[in-house]
Every structure is written in C-alpha cells, then in structure tokens.
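The values are calculated or read from the model by the stated rules, or taken from the named source; none is laboratory data. The shown structure was predicted, so the numbers you read here are calculated from the model rather than taken from an experiment. Here the Cβ positions follow ideal geometry from the backbone for every residue, glycine too, while neighbour counts run over all protein chains shown. All accessible areas refer to the heavy atoms of the entire protein, side chains included, with ligands and DNA or RNA removed. Shrake-Rupley method; radii C 1.70, N 1.55, O 1.52, S 1.80 Å.
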Amino acid sequence: LEYIIARNHLGVIFINVFGGITKADEVAKGALAFYENHSPTCSKSEVKIVMHLVGNGKTEAKAILKEANNPNITIADSQEEAAKIAIELV
C-alpha cells in the first residue's frame, strides 16, 4: 500500500481477494499495519480501503478487521457492493 499511495493521489483503494494462494487474513493484517504505521494527521491515513474477501482465510480476515474496528476499512460481501462503496467514498 505504501508504494501505491506514495506514487498516486488516491482516496480509496479497492482490494479484492479471491481465494487461491493469497491468504485473506494476511491481507487484512497488512491493511491494518499500514494504518498503525501512520499518524492520524498523515494524509495517507485518510485513504479509505474497501475490501471484498473470498476464499482462503476469509473468516479469519473478517474477524480481524471487525475486531480492529478501523473506520478507514470497509468490508463488503460482494464485488458489486464493494465497488458501490468505493465510488461513494471518492
């Protein structure tokens, strides 16, 4: 995320994890780590993340994100819902 945000002027990042090799719980932990490593006044911490998680580690990822209760991260139940949320946040 750091690399992407540093090179682009983004307001929302849409992350779609669809099973396979990528573990959704690791992606969730990475998203949370990004926000933990930035102060609230940093413009990068204002970037919103919308996630759609399917497959390997989905249940764990959702639990991790719900427990963290980060207002910058939204979990969607479908790709369509995630896209709508991302558009609304822009």
Completion exercise
Sorted list, accessible surface of protein heavy atoms, 1.4 Å probe, largest first, for 23, 84 is 84, 23
Handout entry: Nitroxide proxy distance, nm - points 7 Å out along Cα→Cβ at residue 10 and residue 69
Key = 2.7 nm
Handout entry: Sorted peptide list for 46-56, 69-79, criterion being average Cβ within 10 angstrom, highest first
Key = 46-56, 69-79
